[in-house]
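The structure under discussion appears below in the form of structure tokens.
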Amino acid sequence: MIINNGFVDLFVKTTSEAAYASSLLKGKGDKIAADQAAVDKMRLFLNNIPMKGKIVIGEGEMDEAPMLYINEMVGTGVGEELDIAVDPLEGTNLTAKNLPNAMSVLAVSKKDNLLHAPDTYMEKIAVGKNIKEGVIDLDFGIVKNLKNLADFKNTTPDKLTICLLERERHDHIVKDAIQLGTKIKFISDGDVAGAIYAGIEDFNVDIYLGIGGAPEGVLAAAAIKCLGGQFQARLVLSNDHEVDKAKKMGIKDLKKKYFINDIVKDDVLFCATGVTGGDLLQGIKILDNGFYQSETFVLHHGSKLNKKIINKFKI
């Protein structure tokens with residue numbers, strides 16, 4: 001994949017502009033308007049990038065989303081063929097309520113390198129780098145995973161921290177974790193950030209797990225691949241409509257356990273720009289001179305790029 005500073009800058013500008021647009025609606029209680037603002041701006045800037053881009057993770061199918069829908073072509077139509085995964089506003093509720101950790105996210109890879117996941121739920125598990133393969137597994141269950149991870153780290157489960165969405169469907173995980181004495185970092189929304197916590201030692205999160213959105217799972221896997229960690233997932237399909245949706249996207253084995261290289265097959269670029277700010281990123285700041293300031297977390301698997309970029313853009 002062609003990656004140079006100019007190319008990276010274009011994608012950073014894209015997530016920054018989407019983040020800025022949605023930040024104007026933070027705290028106003030309208031998550032739909034905040035999301036639409038981000039979608040509009042992200043699409044505009046994606047279409048200025050010299051590429052033949054295809055949305056493989058987006059706002060939904062064509063009949064559900066007027067823009068950035070799955071299979072929509074973006075870019076100038078000249079250049080490399082690329083798969084684009086987007087979540088213009090990861091954390092619509094967070095933005096509407098002016099809560100931390102909302103961000104604008106995208107991942108870019110060569111054509112046919114990103115899993116075309118339906119807009120359904122997905123069971124996920126993620127850890128950071130230097131964990132031996134086989135220590136954690138989606139099929140082990142929470143108790144075995146925590147005990148294995150503790151043994152590998154030469155510690156005990158009560159010294160570990162898990163991160164998961166605070167949802168009723170995770171009550172059994174919470175119960176088992178409490179019995180083991182494991183600490184829990186709850187997040188209310190935004191499980192892309194939750195997975196990233198497990199991939200970066202500074203956050204002191206040992207493992208991310210639970211059920212969240214499948215599109216967010218692909219974006220999280222892109223980040224974890226760049227960070228050198230492990231990620232596994234399995235689709236959670238609740239009804240015939242979701243089964244049909246998965247089949248239409250070419251998924252034959254509906255119970256398949258996906259490893260990270262199944263989800264992100266090759267090189268990938270990941271960008272996330274803070275909207276409201278939080279543990280991972282600063283939010284958008286409006287400056288007095290007609291500019292705004294953004295902070296973007298940029299990861300590139302091939303070059304090992306891993307940095308946060310602060311930019312000032314004209315409003």
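Observations
- Members of region 168-183 found to be over 20 Å from Asp139 (Cα atoms) and surrounded by 15 or more Cβ atoms within 10 Å (Cβ to Cβ), listed by number: Lys183
Residue-wise test of (1) under 19 Å from the mean Cα position of the chain (by Cα); (2) outside any loop (DSSP other than H, G, I, E, B).
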{"position": "His241", "(1), (2)": "no, yes"}
{"position": "Lys245", "(1), (2)": "no, yes"}
{"position": "Ile251", "(1), (2)": "no, no"}
{"position": "Leu254", "(1), (2)": "no, no"}
{"position": "Asp266", "(1), (2)": "yes, no"}
{"position": "Gln282", "(1), (2)": "yes, no"}
{"position": "Ser294", "(1), (2)": "yes, yes"}
{"position": "Lys308", "(1), (2)": "yes, yes"}
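- There is at least one residue in region 184-207 that is of a type outside the set (Asp, Glu) and either in the same structural domain as Leu299 (by TED's automatic domain parsing) or at positive phi (or both).
- For the residues Tyr208, Tyr258, the requirement of being in contact with a Cys (Cβ under 7 Å, 6 or more places away or on another chain) and either surrounded by fewer than 23 Cβ atoms within 10 Å (Cβ to Cβ) or farther than 22 Å from Asn5 by Cβ (or both) singles out Tyr208.
- Hits in region 85-119 - residues which are basic (Lys, Arg) and in contact with a strand residue (DSSP E or B) (Cβ under 6 Å, 6 or more places away or on another chain): Lys111
- Residue in region 230-246 that is out of contact with any Leu (no Cβ under 9 Å at 6 or more places or on another chain), buried (at least 20 other Cβ atoms within 10 Å of the Cβ) and in the same structural domain as Ile196 (by TED's automatic domain parsing) present: yes
Quick grid of which residues meet (1) polar (S, T, N, Q); (2) assigned to a strand (DSSP E or B); (3) touching a Phe, Trp or Tyr at 6+ places or on another chain (Cβ under 7 Å); (4) not assigned by TED's automatic domain parsing to the domain that holds Thr273:
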| site | (1), (2), (3), (4) |
| --- | --- |
| Thr14 | yes, no, yes, no |
| Ala19 | no, no, no, no |
| Gly27 | no, no, no, no |
| Ile32 | no, no, no, no |
| Asp35 | no, no, no, no |
| Leu44 | no, no, no, no |
| Pro66 | no, no, no, no |
| Val78 | no, no, no, no |
| Asp83 | no, yes, no, no |
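- Matching option when the condition is surrounded by fewer than 16 Cβ atoms within 10 Å (Cβ to Cβ), at negative phi and not acidic (Asp, Glu), among Ile224, Ile315, Ile263, Ile284: Ile315
- Options Leu25, Leu10, Leu44, Leu82; residue that is crowded, with 20+ Cβ neighbours inside 10 Å and either out of contact with any strand residue (DSSP E or B) (no Cβ under 6 Å at 6 or more places or on another chain) or polar (S, T, N, Q) (or both): Leu25
- Residue that is surrounded by the most Cβ atoms within 10 Å (Cβ to Cβ) [pool: residues in region 28-41 that are over 20 Å from the mean Cα position of the chain (by Cα) and small (Gly, Ala, Ser)]: Ala33
- Strands (runs of 3 or more DSSP E) contained entirely in region 129-230, each with at least 3 residues that are touching a residue at least 12 places away in the same chain (Cβ under 8 Å) and either farther than 30 Å from Val56 by Cα or of a type in the set (Ser, Thr, Tyr) (or both): 183-187
- When Lys52 is tested against (1) within 20 Å of Asp9 (Cβ to Cβ); (2) surrounded by fewer than 17 Cβ atoms within 10 Å (Cβ to Cβ); (3) out of contact with any Asp or Glu (no Cβ under 6 Å at 6 or more places or on another chain), only condition (3) is not met.
Table: residues versus (1) more than 20 Å from Phe186 (Cα to Cα); (2) surrounded by fewer than 19 Cβ atoms within 10 Å (Cβ to Cβ); (3) modelled with pLDDT under 95; (4) aromatic (Phe, Trp, Tyr).
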site: Lys144; (1), (2), (3), (4): yes, yes, no, no
site: Leu149; (1), (2), (3), (4): no, no, no, no
site: Lys153; (1), (2), (3), (4): yes, yes, no, no
site: Lys159; (1), (2), (3), (4): no, yes, no, no
site: Ile162; (1), (2), (3), (4): no, no, no, no
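The values are calculated or read from the model by the stated rules, or taken from the named source; none is laboratory data. Predicted model only: the values in this text are computed from it and were never measured. Here Cβ is always computed from backbone atoms with ideal geometry, including for glycine, and neighbour counts include all displayed protein chains.
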